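Structure record follows, encoded as structure tokens.
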Amino acid sequence: AGPRTSAMFGWPGGGRRGAAAMASVAPEGKTTERCPPPRPKEAEVLEVREAIDARTSRDLPFDFEWNQRKCLGNELHQAVVEGNAGEAAKILRQQPALIDVRFRYYTSKGEGRGFQEGSGHAIHIAASRASFELTRVLLAARASLDSWVTRGGEDHYNVLQAGVFNEGHGGDAAYVQLLLELRAEMRQNLLGFYPLHTAFQVGNIGVIRALREEGKRRGMVDIEEGVADTPLELAVKQSDQSGGMTDRQLVEAAPVTPYALRTFSKYEPRCIPAWLGRLEEAVLPANTNMAEYLATHLTVHDIASVLGECAKAGDALLKSVLSPPTVVNKALNPLPPKVNFGPQNWSEKLYCALNPRQEHIVTCSEENVWKFDGAMFMKPAWQQVFTGRKGKDIVRDTSIRVCHVPNLVDAELFCGMAAVDSVDKEAYAQIYQNPVIEGLISYVWWGAAYKVELVIILFNVCGLVLLIANLCINGAYVDAYVNGLGDADDDNASAGERRLRAAHHGGGGPMSSPGQLEFTQDLPDLNIELCQHFIVAKGILMCLHELAGVWGARGLNSKNALTTQVSWPMILQGLVSVALCVPSDWMENAHTISCVLVIFMYWGNLLRVQYISELVAYAILPLTDLIKGLVPSFTLTLLCFFSYMHVVFYLHPESGICDVGLDTFKTLFTGGLPEGHGGRPIDTAIACVSVFLFTIFFLNIFIGVITELYSSLEASVRLRYRQMMAEACKNYLTRLRVIPVRKLPVGCSLALGFVAFAVGAGLQVWSMVRGTPVYCLQLWLVVTMTIMLLAAYTQMDPQLSTARDDRKLFLWLASEQKPEPPRLPDITDIERVRCVLQQIEADNTQLRQLLERVLQREKGAPP
């Protein structure tokens, strides 16, 4: 900085407060406020700069850089820029009017939009550089703290904002505190932002706290709560784009209010766990605990969004809104300290036979306090879920808590829950060990959803029984037909020979396979024609069932709700089942393949029993999940297989590709040497090397991977089971959004389902007995199975349907209190270890002294 020696730029004019001071700079008889901006061409820009430079040279002879801009000013501005308080005081004594003269700078409005003027006073330079001494000098010379930097002729920001911004470096907390003590105004700038917004922009925690405290004293709390864009919200958005504050700085700077929690939930969920650790700083309303305070500003959709973005944040959020309830009358209706977790009826006894003993008792209520009617001396009926349990066999210490966020039984929350991946093992474990998550899964599944699964398992068992019955009936018919074809000369022929003769007699030819036999009208087809109508009807119903879930997921805000809702295996099973409708004479091979796949699918679907029995799931899940982890090993094995197959085919191009493939399989997997290749040495050498590598290296890798992976999956099977149940509950709730059902009494639902089952089973059995299906059998089966499925949906807990109305339902959870294992000292904390050792030494000294006194007393000596 110094006297201007080259062409500089400035834009004459000023804001409302600086118009008079800048008028003296303009040429005589002209005003600078209406000077048109130049067009954004380099030659014209230089021409305008030279003109402005010539008009302002006699009043602003110094140029300097302030706030990353070239500025024009006088000797007072120059002294302030240099930080020379003595020189500034001397100049003001000689020329006191310079305190009102504004320096100027020149900025662009944007590409193609021209240029604009900016100006300010010396106090703004001193404030932006946090100079205590210069500020006192300027204030003594009548500088105003209400002076404004201007932009384009309008007031932009005042002295306090300049001090907070500090030329983009973040202000000094002590200096900002000085300005606040001098009653600097906390007003909005031209963009509508308060000084607190600017402090968040530059990320100075000390300045933020000083401004927040002063704002509270001045009654400006709405700056962080009532405005459209809060300072925290702007800071979070800025940190997402580029630069800005780190997560740790955001947590430290954020206010401890529900508005901050809402901002973090929406924009930066990662900050929630650390921010919840600062809740002891919060000032709560009277008679309100922290969980209630937070829950009043949260919805189930907020929690679902957080779960989908950051599982750890969702876990911390759910734990923060779970607390022991407020007890209205501790004397007449206290919380029960012990609850019997044993089975209370035959259904709970059946549950305990298939599952581990329950550790949670869950219910929903419209109340989130433990009420008592003092006038009638009555407790609410819903409390009987905890207090009315009989027996003393499994009575345990209990912790009863309530989640203060209502209506958690929502498909969107379960979408976020099921989206948690096992890649982050820590977050995965936190979510599925969360008591609220455990309670929700137990409440939805064992309260209603399992009944739908039971009906689907019943459909599968019936289909499998029909497939086996069809096989037996077909076998009986074939045996009768075969025995009738026997010759007098061939009475000693075996059953297999007679079947082949029957196939040849029916036109299948000697090379026909059992799935391709075309018997005469006297011999029925060897397919699943007798139960085909049931299989097709079930396939149609299962496809519609899956589509109902997809349709119900349309209105969810969860990411990928539609794509994750589709169960492609179930859709594939339905399509394969429906493919049986295609006549076998159209695509005979496709029909046979469909029959084979249906048989595999019905046997495989027996694994769905794991949804009903947790003990079965613990045994099956590690095995089924093992397949996913074997993909790398399987890929490596295939590479070895195809490479050897390629070499063999290269050496023996005369062989067919199928023969080479079979020989390769026999060689590598059975260890047998290839045959039919002339016994050449190169064949033998390649086969020996390949077999050695495959059996010693690749297969051992496969076995090792399987062992290690199974151990890992077995250790986390409990969490995997809960994830599977969360997925099942999500599917149930999404279908519930579109399936038109109402609550029916249990007896009515069971009667309706039993009648539908009896009608469908009777029609199917009668069709098999008579040999031809009854009229519209497939349609009747679809109708009866649909009624059975809807009857299962009508048995749901009535409170689950309240997600569609305005009632609030709170989740209550009674958990068994297990004794915590003793915590080992943290040996990494050297100071604490030293203190423990010193305490042990002191205790040993006291014990030694006590023993010496006892010995002296026994000897008769004075103590």
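The values are calculated or read from the model by the stated rules, or taken from the named source; none is laboratory data. Predicted model only: the values in this text are computed from it and were never measured. For neighbour counting, all protein chains shown are included, and Cβ atoms are generated from backbone atoms with ideal geometry for every residue, glycine included. Areas reflect the complete protein model, heavy atoms only, side chains present, ligands, DNA and RNA absent. Shrake-Rupley method; radii C 1.70, N 1.55, O 1.52, S 1.80 Å.
Computed quantities for the displayed model
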read-out: For the stretch 123-255, average projected area of the Cα convex hull in nm²; value: 8.0 nm²
read-out: Inter-label distance, nm, simple model (7 Å from Cα along the C-beta direction), SER108/SER643; value: 5.9 nm
read-out: Potential lengthening between SER144 and ALA590 on full extension [0.36 nm per residue; Cα-Cα distance subtracted]; value: 151.5 nm
read-out: Label-zone membership for the stretch 686-730, site THR670, 7 angstrom Cα→C-beta point, backbone N under 17 Å; value: 687-688, 691-692, 695
read-out: Percent accessible area from carbon and sulfur atoms, the stretch 311-409, protein chains only, probe 1.4 Å; value: 57 percent
read-out: Rh (Kirkwood; distinct C-alpha pairs) - the stretch 617-771, Å; value: 21.2 Å
read-out: For the stretch 163-241, alpha-carbon Rg over 2.2 N^0.38 Å; value: 1.01
read-out: Full-stretch length increase - VAL765, VAL395 - with 0.36 nm per residue and alpha-carbon distance subtracted; value: 128.2 nm
read-out: Solvent-accessible area per residue, Å², over the stretch 145-258 with all protein chains present [probe radius 1.4 Å]; value: 41 Å²
read-out: Residues with amide H under 5 Å from that of ASP155, placed H, sequence gap 5 or more; value: ARG16
read-out: Cα convex hull of the stretch 602-659 - mean projected area over all directions, nm²; value: 6.0 nm²
read-out: Per-peptide average of other Cβ atoms within 10 Å, ordering 148-154, 748-754, 303-309 highest first; value: 303-309, 148-154, 748-754
read-out: Burial order of peptide ranges 623-633, 808-818 (average beta-carbon count within 10 Å, highest first); value: 808-818, 623-633
read-out: Potential lengthening between LEU651 and ILE840 on full extension [0.36 nm per residue; Cα-Cα distance subtracted]; value: 60.0 nm
read-out: Cα-Cα over 19 Å, subset of LYS390/LYS743; LYS216/LYS319; LYS312/LYS425; LYS392/LYS451; LYS338/LYS818; value: LYS390/LYS743; LYS216/LYS319; LYS392/LYS451
read-out: Sites TRP568 and LYS818 - FRET efficiency at Förster radius 45 Å, r taken between beta-carbons, to 0.05; value: 0.65
read-out: Dipole moment magnitude, nearest 20 debye, the stretch 678-811 about Cα centre, only Lys, Arg, Asp, Glu C-beta charged; value: 560 debye
